[in-house]
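Note sheet for the following structure.
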Amino acid sequence: MPAAAIHKLTGSQHVAPYLSDYDAACRAFTWESARAQLAGLPGGGLNMGYEALDRQVAAGRGACVAARFIDRQWRHSDLTYADLLESCSRFGNLLQSLGVARGECVATLLGRSPELFTVVLGTVRAGRVCSSLFFAFGPEPLKTRLQLGRARVLVTSDELYRRKVAPIRAALPDLQHVLLVREANAGELPAGTADLAQLLGASGAQCAPAPTRDAEVALLHFTSGTTGKPKGVTLTHAAVIAQHATAKLVLDLHPQETYWCTADPGWVTGIAYGVIGPLTRGARMIIDREEFEPQRWYRILAEERVNVWYTAPTAIRMLMKAGTALARARSYPELRLMLSVGEPLNAEAVLWGTEVFGIPFHDTWWQTESGAIMIANFYACDVLPGAMGRAIPGVEIRVVRRGAGGRLEVIESPEEVGEIALRPGWPSMFSAYLGDEQRYRAAFIDGWYLAGDLARRDRAGYFWFVGRADDVIKSAGHLISPFEIESCLMSHAAVAQVGVIGVPDPIAGQAVKAFVELKDGVAQSEELRRSLMAHARRLLGAAVAPREIAFSAALPRTRSGKIMRRLLRARELGLPEGDLSTLEAGT
Ligand code: WT7
């Protein structure tokens, strides 16, 4: 029995919402008018960096704070829109002088720092492609991603360079420049690197934005599939149209409101709603340079007077675990909208928001491939606890099934589960899986983009998440490819076969569990298990490595030799084993 709808806008509101009547907003909306709300480049064309910075400065917001950084010692440093425009201009000139061509890839491996903003915005403003990588990745996942993106430039810190990049540098022939964000006492520059601050200081402070077109690639994000390499998802400058529109209609961001996005810049949310979208709205962003800590988070919400907060279910569950008293120790009179994304948000979590903050969490759904929020519980509309929300204006979204003859059919019944399908045509839709045209084409069937998620859609148009249609694991909001972990464990001398699945975890949603079949003659031992664990952590990084490794005498596989993850999962969780017709006997 789903929880009752939470009716919104019953009390007094701080500001009038941008979207108050959902149906009317859908009727009135066109992507042409959404684009017309942006400036566009003076000579025609569109540029994300220009919309985020130049346009704000031109509108008189140069002296307004764009981003406030808070460090471990609770020291604050503010960057204004004018500051950012200057540092990004310097970075544009720097790329030019380094000989980095338009369309080439600049990668970052950075935490939430001022330099991250300079590099991401400076790169796209200069018409180069930015790829922001997850700092917790180990050398192996970094190598694959830097190779796939053919990154020319990497911006990172001394420490990350030494630990993760130096060991793989020889395998990265395209990587010509490594620029380091240096600590005060970092010592001598490692060979083959340069000091970012020094180079920026020596670069000119004026730089015109590149004359990019709507369809030109601006961002490269990596996401995980079930098989093979990670997918390089490209977003074009036109994505800023949807990121701006949703920052307005879903995040309901008003100029100079205080906004806090807790996502890591190594994932799409951290860029779309942690850098670009909010700046195009003229927001004042809070950036916490530290990792999650309940007391710290409540202090930020209260002392920084956050108005709009975009976070994720894992963090919400950890806050819930830390107890209601901690949350209630402070008050949050300015907090008017709380949102969540990335994984299923349980109804209990939505209601906990209402209990503790007096307002519910608003779930939103989207993907790296969609480039912007696609489904949302809108600020001014009823929140259905447990539902992801409704399609944003301008995008047709339904659940579909494969009907007779393999054609897709739209499901009308609110009871029936199907795959989420989006009608192409929204501006932030990914433009490619880098170097994999076939995989890109395979994502579109009968005029729909298939998202790979299963859901139901009720009569009011609200979507209810059911699960993923594939084997991809979602742990603490991160998509993890079982294949990438299997490949890593396979590289250990003792291992014959590996199957990796996600198992339920009360906080992270799912945790990674690996089943390992050893080579003939190798004995199982606790020592070997630890050695496998260390191997995985060293190569993959702790965020991706399995939480648990179990030995198995014979992993279930198909007659053609494919590990049956579905069956591993069923056996692990005590679910029905389903169709076993392809199972190899004795496995
Ligand atoms: C996958 C996309 C773009 C946000 C960051 C993740 C899952 C996303 C929800 C939600 C249940 C969700 C889906 C989706 N997901 N939002 N509200 N409820 N599941 O982007 O890494 O490309 O992951 O995250 O499975 O397909 P991503």
Using the Karplus curve 6.51 cos²θ - 1.76 cosθ + 1.60 with θ = phi - 60°, work out ³J(HN,Hα) for each residue of segment 152-168 in order, rounded to whole Hz, and write x for Gly and Pro.
8, 10, 10, 10, 8, 9, 3, 5, 5, 4, 4, 6, 10, 9, 3, x, 10
With segment 14-166 reduced to its Cα atoms and the Debye formula applied, log10 I(q)/I(0) at q = 0.13, 0.17, 0.19 1/Å amounts to -0.77, -1.09, -1.19
Distribution of pairwise C-alpha distances over segment 384-524, 5 Å bins, in %:
2, 9, 13, 15, 16, 15, 12, 7, 5, 3, 2, 0, 0
With charges only on Cβ, +1 for K and R and -1 for D and E, what is the dipole size of the chain about its Cα centre, in debye, rounded to 20?
480 debye
Starting at 0 and stepping by 10 Å, how many percent of the alpha carbon pairs of the chain end up in each bin?
3, 17, 27, 28, 18, 7, 1, 0
Suppose every K and R has +1 on its Cβ and every D and E has -1 on its Cβ; what is the size of the dipole of segment 283-418 about the Cα centre, in Debye to the nearest 20?
240 debye
Based on the alpha carbons, how large is the Rg to Rh ratio for segment 398-466 when Rh follows Kirkwood?
1.00
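What does the helix-only formula give at 222 nm for the chain: each DSSP H stretch with n ≥ 4 adding -39500 (n - 2.57), the total divided by the residues, and the result rounded to the nearest 500 deg cm²/dmol?
Roughly -7500 deg cm²/dmol at 222 nm, from the helical runs in the chain.
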Report the number of Lys pairs in the chain whose alpha-carbons are under 22 Å apart, with separation of 8 or more residues or on distinct chains.
17
Once R0 is set to 41 Å, what does the formula 1/(1 + (r/R0)^6) return for the Cβ-Cβ distance between LYS321 and ALA39, expressed as a FRET efficiency to the nearest 0.05?
0.35
Applied in sequence order to segment 363-369, the curve 6.51 cos²θ - 1.76 cosθ + 1.60 (Karplus, θ = phi - 60°) yields integer Hz couplings, x standing for Gly and Pro, of 6, 9, 10, 6, 9, 3, 5
For segment 57-93, list residues with backbone N below 19 Å from a point placed 7 Å from the Cα of ALA184 toward its Cβ?
69-78
Going by amide H atoms built from the backbone, whose H comes under 5 Å of the H on CYS261, apart from near neighbours?
ILE286, TYR310
Evaluate the distance, in nm, between pseudo-label points positioned 7 Å from the Cα of ARG75 and of GLU415 along their respective Cα→Cβ axes.
6.3 nm
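What is the Cα radius of gyration of segment 473-573 over 2.2 N^0.38 Å, N being its residue count? Numbers along the way, then the final one.
On the way: Rg = 12.9 Å, N = 101, 2.2 N^0.38 = 12.7 Å.
Relative to the rule-of-thumb radius for its length, segment 473-573 sits at 1.01.
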Taking the dipole of segment 473-573 about the Cα centre (Lys, Arg +1; Asp, Glu -1; charges at Cβ), the one of ILE549, HIS478, HIS535 that reaches farthest to the positive side is HIS478
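Evaluate the relative contact order of segment 473-573 (contact order divided by residue number), counting alpha-carbon pairs under 8 angstrom at least 6 apart; express in whole percent. Before the final figure, lay out the partial values.
On the way: 162 pairs, mean separation 28.5, N = 101.
After rounding, I find 28 percent.
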In sequence order, what are the phi-derived ³J(HN,Hα) couplings for segment 477-492 according to the Karplus relation 6.51 cos²θ - 1.76 cosθ + 1.60 with θ = phi - 60°, rounded to whole Hz, with x for glycine and proline?
x, 9, 6, 10, 8, x, 5, 5, 6, 4, 4, 5, 5, 4, 6, 7
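Mean separation of Cα pairs under 8 Å and 6+ residues apart, divided by the residue count of the chain: what relative contact order is that in percent?
Numbers: 1240 pairs, mean separation 79.2, N = 587.
Taking the mean separation of contacting Cα pairs over the length of the chain, I get 13 percent.
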Expressed in nanometres to one decimal, the distance between label points 7 Å along Cα→Cβ at GLN176 and SER97 is 1.5 nm
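A short reminder: the numbers here are calculations on the coordinates, not readings from a lab. Remember, it's a predicted structure, so these values are computed and weren't measured experimentally. Note that we place each Cβ from the backbone using ideal geometry, even for glycine, and neighbour counts take in every protein chain shown.
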